[in-house]
Amino acid sequence: MGFIFDPSLVLYLPLYELDGSSFMSRDAYGHLATVVGATWTPRGRIFDGSDDKLDITSSLLSGTKDTDQKTIGFWVSTPNTTGHGNIVCVRDAGGNNWQLYRKSATYDLYIHSDDINQDTGYDYPQNRFVQITAIIDGIADQWQIYVNGLWEYTYQGANFAADNGGNAFRLGSDSSGYLNGTCGEAWIYNRRLTPAEIQHNFLVTKWRYR
């Protein structure tokens, strides 16, 4: 059994396959992605930490509200040496409803939702691919972070903005910084994946990044 393709998968970007300055996502919806920079390689897109980014606009990729749940996943490798606000991979650009990023003071993975910026305590290894999976749950007011298929961190008490984020998904940048590193693939489900499903998606994709 391979990667979980079911009706809840609203975005799938195997960036090791998708070349060009624009392309369609490989989920059932075929979102149009536009790219600035982010050089293609057989292992994914290299983001230069300066001005590279990828944008998709779709109501299916809106922000998380009090009644919404999502699971975001991506494979990323970073040199782990530069950048205040360096964006790891994903954010909701229009209203900054949710965001995953790294911070120069610690290079840790940080989460953002509405009015909180929280250090998860996870420090990226240097120049090694890791799979990050984040559950954002507006019903439970909760973030959960998994690294390489295993639970890493839970934040309880998160609030998610009423704004839908302009239905704008961005990978590689936000208003404060850019990703310096390589993103191999990224995905979003519009539901909570179970721990077993998160572990499964890690196991069936990890061979590409070893």
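The values are calculated or read from the model by the stated rules, or taken from the named source; none is laboratory data. Keep in mind that this is a model prediction, so the values were computed, not measured. Methodologically, a virtual Cβ is constructed for each residue, glycine included, from the backbone with ideal geometry; neighbour enumeration extends over all protein chains shown.
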### Task
Collect the residues in the range 58-75 that are part of a strand (DSSP E or B) and more than 22 Å from residue 86 (Cα to Cα), keeping them in residue-number order.
69, 70
### Query
Of all residues in the range 66-99 being in contact with a Cys (Cβ under 6 Å, 6 or more places away or on another chain) and at pLDDT 70 or above, which is surrounded by the most Cβ atoms within 10 Å (Cβ to Cβ)?
76
### Message
Suppose we filter 102, 210, 191 for residues that are among the basic types (Lys, Arg), at pLDDT 90 or above and under 29 Å from residue 18 (Cα atoms); which single one remains?
### Response
191
### Message
For the range 121-144, which positions are out of contact with any Lys or Arg (no Cβ under 9 Å at 6 or more places or on another chain) and crowded, with 20+ Cβ neighbours inside 10 Å?
### Response
132, 133, 143
